[in-house]
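A short write-up of the structure that comes next.
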Amino acid sequence: GNSVTQMEGPVTLSEEAFLTINCTYTATGYPSLFWYVQYPGEGLQLLLKATKADDKGSNKGFEATYRKETTSFHLEKGSVQVSDSAVYFCALRAYQAGTALIFGKGTTLSVSS
Amino acid sequence: DAGVIQSPRHEVTEMGQEVTLRCKPISGHNSLFWYRQTMMRGLELLIYFNNNVPIDDSGMPEDRFSAKMPNASFSTLKIQPSEPRDSAVYFCASTSSGGATGELFFGEGSRLTVL
């Protein structure tokens, strides 16, 4: 079946540090891949996405590249800010139209000044 | 523009009581999803609808849970009777299933506490 595995948290960093959150997936066919972010007390919101192999999604300084050969979609940011503190979810959408997103368990990021 | 609207935002109830959570999707979206979030299990898909029709309810934990979508602008998730292990944040999300992006738009969630 389809599944997403992401690194356990929490991840604790100092401001301006480099961030990597690992995400790997299992899926049939060619899924679309997503990173969502959840700020405290809020719902999830889309951070970035990639729909085919070798695509790079980017937004707000965050990047992730769809690697089919390693079935990975790792999230990176070169210099984190305190305002990036949140829970990050990796997700996939199977290639069949109309299917729901399957989420990883989430990784909590805490950035201190 | 209004996003996905959920109510109530917080609900505290006693074991055995009926709980009804409500969701208004974004106008024009024809797919609606109910997710449950807990520390232990993360974000789990409970059920989703396309054009008001339930497509996949395999994530509904047991018969105590039921969901309806009587029209394109309203859905309910009901738990009867509720149990302490149902305590979680329940999210509703919507999207246009005909769109290519696959992006889901989430509400702010309903935090349920069952005592």
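The values are calculated or read from the model by the stated rules, or taken from the named source; none is laboratory data. These figures come from a predicted structure and were not determined experimentally. Don't worry about glycine lacking a Cβ; one is built from the backbone with ideal geometry, like all the others, and counts go over all protein chains shown. What goes into the accessible areas is simple: the full protein's heavy atoms, side chains included, and nothing from ligands, DNA or RNA. Shrake-Rupley method; radii C 1.70, N 1.55, O 1.52, S 1.80 Å.
Checking each residue in segment B:10-19 for being under 16 Å from residue B:36 (Cβ atoms) and open to solvent by 90 Å² or more (accessible area, probe 1.4 Å) picks out only B:10.
Among the residues of segment A:48-63, those identified as touching a Phe, Trp or Tyr at 6+ places or on another chain (Cβ under 7 Å) and open to solvent by 10 Å² or more (accessible area, probe 1.4 Å) are A:49, A:52, A:53, A:54, A:55. Restricting segment B:31-52 to residues that are free of Cβ contacts under 8 Å to residues at least 12 places away in the same chain and either touching a strand residue (DSSP E or B) at 6+ places or on another chain (Cβ under 8 Å) or within 8 Å of chain A (Cβ to nearest Cβ) (or both), the residue that is nearest to residue A:105 (Cα to Cα) is B:42.
Looking at segment B:1-32 only, could you name the residues that are of a type in the set (Val, Ile, Thr) and more than 14 Å from residue B:110 (Cβ to Cβ)? Before you say what the answer is, go through the steps one by one.
Of all residues in segment B:1-32, those of a type in the set (Val, Ile, Thr) come to B:4-5, B:12-13, B:19-20, B:26.
Of everything in segment B:1-32, just one residue is of a type in the set (Val, Ile, Thr) and more than 14 Å from residue B:110 (Cβ to Cβ), namely B:26.
Applying the criterion of at least 2 residues that are in contact (Cβ under 8 Å) with a residue 60 or more places away in the chain to the strands (runs of 3 or more DSSP E) found wholly in segment A:1-99 leaves A:3-6, A:11-14, A:19-21, A:23-26, A:32-38, A:86-93.
Set side by side, the residues A:101, A:44, A:19, A:92 differ, and just one is under 29 Å from residue B:3 (Cβ atoms), at pLDDT 95 or above and surrounded by 18 or more Cβ atoms within 10 Å (Cβ to Cβ), which is A:19. All of (1) within 14 Å of chain B (Cβ to nearest Cβ); (2) more than 23 Å from residue B:44 (Cβ to Cβ) hold for residue A:60 with one exception: (1).
Say we look at segment B:90-115 and pick out the residues that are surrounded by fewer than 20 Cβ atoms within 10 Å (Cβ to Cβ) and not in a loop (DSSP other than H, G, I, E, B); which of these is farthest from the other protein chains (Cβ to nearest Cβ)? Reasoning before the result, please.
Let us first name the residues in segment B:90-115 that are surrounded by fewer than 20 Cβ atoms within 10 Å (Cβ to Cβ), namely B:96-101, B:103, B:105, B:108, B:111, B:113, B:115.
Cutting the leftovers down to not in a loop (DSSP other than H, G, I, E, B) gives us B:105, B:111, B:113.
Values: B:105: 8, B:111: 9, B:113: 15 Å.
Here the answer is B:113.
So is residue B:22 open to solvent by 10 Å² or more (accessible area, probe 1.4 Å), more than 10 Å from chain A (Cβ to nearest Cβ) and either in a strand (DSSP E or B) or of a type in the set (D, E, K, R) (or both) or not? The answer is yes for residue B:22.
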